[in-house]
1. Answer with yes or no whether D21 is surrounded by fewer than 14 Cβ atoms within 10 Å (Cβ to Cβ) and either touching a residue at least 24 places away in the same chain (Cβ under 8 Å) or polar (S, T, N, Q) (or both).
2. Within region 24-57, how many residues are over 12 Å from V7 (Cα atoms) and free of Cβ contacts under 8 Å to residues at least 12 places away in the same chain?
3. Can you give me the number of residues within region 24-35 that are touching a strand residue (DSSP E or B) at 6+ places or on another chain (Cβ under 8 Å), loosely packed, with under 14 Cβ neighbours inside 10 Å and not acidic (D, E)?
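Read-outs throughout are calculated quantities, based only on the coordinates presented, and are distinct from any laboratory measurement. Treat the numbers as computed from the prediction; the structure is a model and nothing was measured. Glycine also receives a Cβ, built like all others from the backbone with ideal geometry; neighbour counts cover every protein chain displayed.
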Amino acid sequence: MKAVVRVTGRTAAELRGAAVDAAEAFAAGETYEIEWPEVVESEPHGDGGLRFLADVKVVVADEVSLF
């Protein structure tokens, strides 16, 4: 099973946390792997900072390489 999920965050830690949360929700308790894009996009945020966006691929257990 695979899915592409758009995640956002104000920091790298928030972005990673959002990806893990989305992957865990999609995988429903199964083993999963997150594949990150080579480039993470950014856009201006309302308070003058940036918001980071990434389309991550979540691959669930039956297709995850364990070796």
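1. Spelling it out, it is not the case that D21 is surrounded by fewer than 14 Cβ atoms within 10 Å (Cβ to Cβ) and either touching a residue at least 24 places away in the same chain (Cβ under 8 Å) or polar (S, T, N, Q) (or both).
2. 11
3. Within region 24-35, residues that are touching a strand residue (DSSP E or B) at 6+ places or on another chain (Cβ under 8 Å), loosely packed, with under 14 Cβ neighbours inside 10 Å and not acidic (D, E) number 1.
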